[in-house]
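Okay, structure first, notes after.
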Amino acid sequence: MNPNPRQLLLLQAVQAQGSLTVDQLADKLGVTLQTVRRDVQRLADDGLLTRFHGGVRVPSSTIENIAHPQRENLHAEGKARIARAVAAEVPNDCSLILNIGTTTEAIAKALLQHKGLQVSQAIISHAREVWLAADSSKFNRPAMVEVASLSQIDRLFTDGPVPEPFPSLLRDAQVRCHLATQP
């Protein structure tokens, strides 16, 4: 969802106060109660706000399990600004480790144009064995980034038949394939 300017103001007001009533929001925004209710419903449907009788509050990730797409949208502009700032400071040809989270995901997306960020290659070069776990939907599908070549993989774990031309490619690269067929 891309909130409109009024909805962004509504979100900012609720974030600043923690919670507000529908009446307070209508006064702050200078709109009708119906407009606030409609905006609140849309923002609540997208997981950006939580409704309660007569009002609205910011969802609390410590209380509620917010789905990934909703967490991505929550504070999206701030995350994007942080991502651009971090990416601007990261030089090409360096090693980098990112943890998990929607802000670090935004940083990873902002780093897509960088060259030579080889953390996976550094890990692979120091590993005794390299295992790739990929469900069968990943075959014959282009990847955004090449992490390794088949010759760098020791074992492949997958859940379905390996389609052509991969059986011979895996055999030539001496990759042992493990088919996970049992539930």
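Bear in mind these aren't lab numbers, they're just calculated from the coordinates by the rules spelled out. Keep in mind that what you see is a predicted model, and the values were worked out from it rather than measured. Because the Cβ atoms are built from the backbone with ideal geometry, glycine has one as well, and the counts that use them run over all protein chains shown.
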Inset, instruction - Could you work out the longest stretch of the chain that avoids the trypsin sites (Lys or Arg not before Pro) located in DSSP loops with at most 10 other Cβ atoms within 10 Å? - result: 1-114
Legend entry - Answer label, with semi-axes √(5λ) of the Cα gyration tensor in Å calculated from the coordinates and candidates [x] 24, 19, 17; [y] 46, 21, 13; [z] 72, 23, 17: [y]
Inset, instruction - With r as the distance between the Cβ atoms of Val90 and Arg155 and R0 = 22 Å, compute the FRET efficiency 1/(1 + (r/R0)^6) and round to 0.05. - result: 0.10
Inset, instruction - Extending each Cα 7 Å along its Cβ direction at Asp27 and His53, get the distance between those two points in nm, one decimal. - result: 2.2
Inset, instruction - Read phi for every residue in the stretch 121-131 and hand back ³J(HN,Hα) as whole Hz from Karplus 6.51 cos²θ - 1.76 cosθ + 1.60, θ = phi - 60°, with x for Gly and Pro. - result: 5, 5, 5, 4, 5, 9, 8, 6, 9, 10, 10
Legend entry - the chain: angle of helix 5-17 to the longest principal axis, Cα-based, in degrees nearest 10: 80
Legend entry - Rounded to the nearest 20 debye, dipole of the chain from Cβ charges on Lys, Arg, Asp, Glu: 320
Inset, instruction - Select from Leu11, Thr181, His75 the residue farthest towards the positive end of the dipole of the chain; place +1 on Cβ of Lys and Arg, -1 on Cβ of Asp and Glu, and compute about the Cα centre. - result: Leu11
Legend entry - DSSP loop GluC sites (Glu not before Pro) with at most 12 other Cβ within 10 Å: longest gap in the chain: 65-128
